Amino acid sequence: MTITNTRWKRKQGNRASVPEAKGSITIEASLTIPVFLFAVLCLVYLIEIQIIQTTVYAAALNAAKVCTQDTAVIPILNPMKLESEMVEFIGKDRLENSIISGGSKGLHCATSYVSPESKILNIVVRYQMQLPFPKFMNLTVKCREEFRLSSWNGYVKPQMQSEDDSLVYITKNGIVYHEDYQCSHLQLSVRFIAYGEVSGLRNEYGGKYYKCEKCVHGDVLAGVYISDSGNRYHGSLNCSGIKRTIYTVPKSQVFGRRGCLRCVK
């Protein structure tokens, strides 16, 4: 009876040791697989971050080149236009489905500006990427793209030309021609002011500023653009009433336009 009980206990002990060995293997596997998958995800998102940074930089460079057309005439950079050009270049749907915080509204260019003296565009783009991990991990990446770009300075008139073949500058609806590209009639002195200040300001001739019929519709909540020689305030830098499209033509082709009193001798 004693021998039988001893054998039974030995068998019982041997059977109990097998599940313990299998259990240890299962625990190690359950810990290793999540760590491996997390490492793979981190690698994937590191590649995605590099792709987004390259894409945003290329979009900012393309948008800045578009804005040089405006800053060549008016040395003011519109950050909102810069942002919209970037969104158009990248694609709104692509931005909305990306890891950029805010999607298409997550690109900020408010600190970008153009130097009035050197006409150099200083482009600064800030944005933030939020990795799709649990919120308590707070995995965010703050990015900043910055570069400088020379604006278009116009065509330099060759020195060795006859009087009839010399180049002059005209505008589409103007009635005069200009010999100096920097003439104040071409390079308007435009500034951005708060809408509440308009009623108390006067232009260089002492006249008041009235709203532009082309670009101002209803109440203006933010600010407006004015020029020292104009009598209208504008809601957009792209308005034809404040924007100058300048053409370079031979003087023999001005067809009856008189010379500008400010720059033609």
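Every number in this text was worked out from the coordinates using simple rules, so none of it is lab data. Treat the numbers as computed from the prediction; the structure is a model and nothing was measured. Reconstructed Cβ throughout: ideal geometry from the backbone, glycine too, with neighbour counts over all protein chains shown.
Here are the numbers for this structure:
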| read-out | value |
| --- | --- |
| Ranked packing of 92-99, 191-198, most packed first, by mean Cβ within 10 Å | 92-99, 191-198 |
| Label-point separation in nm, residue 194 to residue 105, each point 7 Å along Cα→Cβ | 2.5 |
| Added length on full extension, which subtracts the Cα-Cα distance from 0.36 nm per residue, residue 265 to residue 205 | 19.3 nm |
| Members of 81/105; 214/251; 208/243 lying beyond 22 Å, as alpha-carbon distances in this model show | 214/251 |
| Dipole magnitude of the stretch 64-135 about its Cα centre (Cβ charges: Lys, Arg +1; Asp, Glu -1), debye to nearest 20 | 200 |
| Magnitude of the charge dipole, the stretch 208-265, Cβ model with Lys/Arg +1 and Asp/Glu -1, debye to 20 | 420 |
